[in-house]
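S.K.: Structure incoming, see below.
FYI, it's all coordinate maths here, none of it is from the lab. Every value quoted in this text rests on a predicted model; they were computed, and no experiment measured them. Backbone-built Cβ (ideal geometry, glycine too); neighbour counts: all protein chains shown.
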Amino acid sequence: MAQATLSKMQINSSANWALAGVSFAHLLNDAMQTVVPSAFPLFQQTMQLSFAQMGWIAFTLNITASVLQPLVGYMSDRKPMPILLPGGMLFSLIGVLGLALSSELWMLLASAALIGIGSSILHPESSRVAHMAAGRGRGMAQSIFQVGGNTGQAIAPLLVAFILLPHGQRSFLWLMGFALIGIFIQSFVSRWYRDKLAETRIRQQRPLKSSGAEPAARPVSRGFIAFTMGILILLLFSKFVYIAGMTGYYAFYYADAYDLPLSQAQICLFILQFAGMVGTLLGGPLADRYGRKPMIWFSIAGTAPFSLMLPYAGPVLSMVLCGIIGLILMSGFSVIIVYAQELLPRHIGTVSGLFFGLSFGMAGLGSVVLGSLIDVTSISFVIKLCSFLPLLGVCAVFLRKDQPRTA
């Protein structure tokens with residue numbers, strides 16, 4: 001009995017380390033990815049880029065990940081590939097090197113595409129690792145994985161404010177260390193992943209025994225699945241286009257509206273992303289306890305009152321509102337993914353790839369559209385327009401109510 005308990009503790013410990021590993025790798029990946037739109041002021045100064053051209057950089061970064069992630073997820077559902085975990089970081093390493101050496105727009109676009117490829121490989125496979133390590137606390141595990149990404153997004157504006165803007169474009173070389181650390185960590189996680197897959201294959205070959213397993217989910221029609229997925233995608237649209245407007249262009253609005261330096265505007269974005277990290281960590285456990293649907297509804301629609309106030313607030317109140325918006329808005333993404341995974345439990349990799357891919361694709365397309373709109377209107381008009389996007393969160397009322405579960 002004691003030996004069995006010890007064995008179970010060792011299994012849980014290794015799963016926890018694997019979950020921590022993919023979460024930290026997610027931090028490094030998203031820091032490298034988010035630093036690209038956060039560095040738009042630097043690119044504008046060094047290359048005299050227009051808002052539309054900067055939008056195309058974000059579009060290239062995000063659309064690459066958007067197109068490839070569902071494909072990577074589908075392939076991993078058919079044949080999981082642990083080697084992809086460190087392999088994805090290799091593309092990011094080359095992309096960061098390219099950003100440091102770029103002297104023309106096309107070079108920035110190519111570098112952004114490489115970082116997008118690395119991100120497209122990391123998210124589906126790492127999300128699968130988080131799902132395998134979760135046990136019954138799927139919301140909690142997905143939040144731990146996702147909070148790593150939010151932390152990386154939070155530190156990106158600080159990297160821009162204190163490293164890139166003061167020291168210039170060549171300081172991107174320092175970020176190569178992020179990719180190298182990520183390759184090292186993901187190499188160890190891939191070993192756990194490979195061993196876990198081998199254990200699963202052996203278990204599947206054994207005859208089934210009745211046990212205290214979770215009750216089967218209620219059967220649903222394809223039409224209902226399509227309708228629910230459509231609602232979830234609409235919620236992703238409202239969330240990520242709004243975030244694209246904030247991370248890509250709000251710094252310009254903040255600096256212009258309050259006559260402050262761009263470095264101080266980056267602090268405002270840091271507050272947004274840091275609060276989002278806290279919100280992500282809280283969202284999963286709260287959804288495990290109280291249900292996915294209430295948490296999804298609150299995370300989008302609950303943001304609207306504060307997003308509508310933001311364009312009219314002063315410089316100090318704007319920072320407070322950014323913190324509240326980040327806390328609420330980013331609490332729901334991991335919950336949306338788990339909700340979709342439980343809707344399609346045999347397609348974990350495909351669902352993860354689809355939703356991460358759509359989030360990047362919508363953010364990239366939103367950056368292009370918003371940047372072009374700024375060129376023909378004004379930064380103030382676009383920021384005020386974006387403030388209405390969280391109102392789409394009311395569509396979450398059409399989601400089927402799920403049963404809360406104790407993790």
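S.K.: Using a ≥ b ≥ c from the Cα gyration tensor of segment 263-355 (square roots of the eigenvalues), is it rounded, prolate or oblate, where a/c under 1.5 gives rounded and otherwise the larger of a/b and b/c decides, a/b for prolate?
M.R.: Numbers: a/c = 2.77, a/b = 2.14, b/c = 1.29.
Cα axes put segment 263-355 in the prolate bin.
S.K.: Could you pull out every one of the aspartates and glutamates with an alpha carbon less than 17 Å from that of residue 384, ignoring same-chain neighbours closer than 8 positions?
M.R.: 256, 375
S.K.: Let me make sure I get this right: for segment 55-120, a, b and c are the square roots of the gyration tensor eigenvalues over alpha carbons, sorted descending. Under 1.5 in a/c it's rounded, otherwise prolate if a/b > b/c, else oblate. Which is it?
M.R.: Working: a/c = 4.68, a/b = 1.79, b/c = 2.62.
In terms of gyration-tensor shape, oblate.
S.K.: Then there is this: Can you work out the FRET efficiency for the pair residue 344 and residue 94, with r the C-beta to C-beta distance and R0 = 35 Å, to the nearest 0.05? Before the final figure, lay out the partial values.
M.R.: On the way: r = 34 Å, r/R0 = 0.96.
According to the calculation, E is roughly 0.55.
S.K.: Another question about this same structure. Give the label of the value calculated from the structure for semi-axes √(5λ) of the Cα gyration tensor in Å, choosing from (i) 36, 21, 20; (ii) 35, 25, 18; (iii) 50, 26, 18.
M.R.: Matching the structure shown: (ii).
S.K.: Could you pull out every one of the aspartates and glutamates with an alpha carbon less than 19 Å from that of residue 293, ignoring same-chain neighbours closer than 8 positions?
M.R.: 342, 402
S.K.: Right, here's the next one. Which length gain, in nm to one decimal place, applies between residue 174 and residue 79 when the Cα-Cα distance is subtracted from 0.36 nm times their residue separation? List each step's numbers first, then the result.
M.R.: Working: separation 95, 0.36 × 95 = 34.20 nm, distance 3.52 nm.
Full extension of this stretch gives 30.7 nm more.
S.K.: Sticking with this structure for a sec: Indicate the gyration tensor shape class of segment 285-407 (rounded, prolate or oblate), computed on the Cα atoms with a ≥ b ≥ c the square roots of the eigenvalues: a/c under 1.5 is rounded; otherwise a/b larger than b/c is prolate and the rest oblate. Before the final figure, lay out the partial values.
M.R.: Numbers: a/c = 2.68, a/b = 1.56, b/c = 1.71.
Oblate is the answer for segment 285-407, as a/c is 1.5 or above yet b/c matches or exceeds a/b.
S.K.: Taking the Cα atoms of segment 96-157, what is the range of coordinates along each of the three principal axes, in descending order and whole Å?
M.R.: 50, 23, 13
S.K.: Also, I was wondering about something else. Restricting to DSSP H runs of at least four residues, report the calculated mean residue ellipticity at 222 nm for the chain, -39500 (n - 2.57) per run over all residues, nearest 500 deg cm²/dmol. If you can, show how the numbers build up before the last one.
M.R.: Working: 16 runs with 312 residues, N = 407.
Result for the chain, helices only: -26500 deg cm²/dmol.
S.K.: How long are the semi-axes of the equivalent ellipsoid of segment 59-210, defined as square roots of 5 times the Cα gyration tensor eigenvalues? Whole Å, largest first.
M.R.: Working through the eigenvalues yields semi-axes of 34, 16, 13 Å.
S.K.: Further, regarding this structure: For segment 335-407, what is the convex hull volume of its Cα atoms per residue in Å³?
M.R.: Working: hull volume 8.5 nm³, N = 73.
Value for segment 335-407: 117 Å³ per residue.
S.K.: For the pair residue 259/residue 377, report the inter-label distance in nm, with labels modelled 7 Å from Cα in the Cβ direction.
M.R.: In this crude label model, residue 259 to residue 377 measures out at 2.6 nm.
S.K.: Expressed in nm to one decimal, what extension gain is obtained for the pair residue 191 and residue 397 from 0.36 nm per residue of sequence separation less their Cα-Cα distance?
M.R.: Values: separation 206, 0.36 × 206 = 74.16 nm, distance 4.18 nm.
Full extension of this stretch gives 70.0 nm more.
S.K.: Using a Gaussian network model on the chain with a 10 Å cutoff between Cα atoms, which of 385, 370, 28 fluctuates the most?
M.R.: Judging by the Gaussian network model, the answer is 385.
S.K.: Compute the relative contact order of the chain as a whole-number percentage, counting only Cα pairs closer than 8 Å that sit 6 or more residues apart in sequence.
M.R.: Values: 745 pairs, mean separation 117.2, N = 407.
In percent, rounded to a whole number, it is 29.
S.K.: Another question, if that's okay. Going down the list 196/239; 79/196; 239/401, which pairs span over 23 Å between their C-alpha atoms? Write down the numbers at each step before the final one.
M.R.: Numbers: 196/239 34 Å; 79/196 14 Å; 239/401 21 Å.
Over 23 Å Cα-Cα: 196/239.
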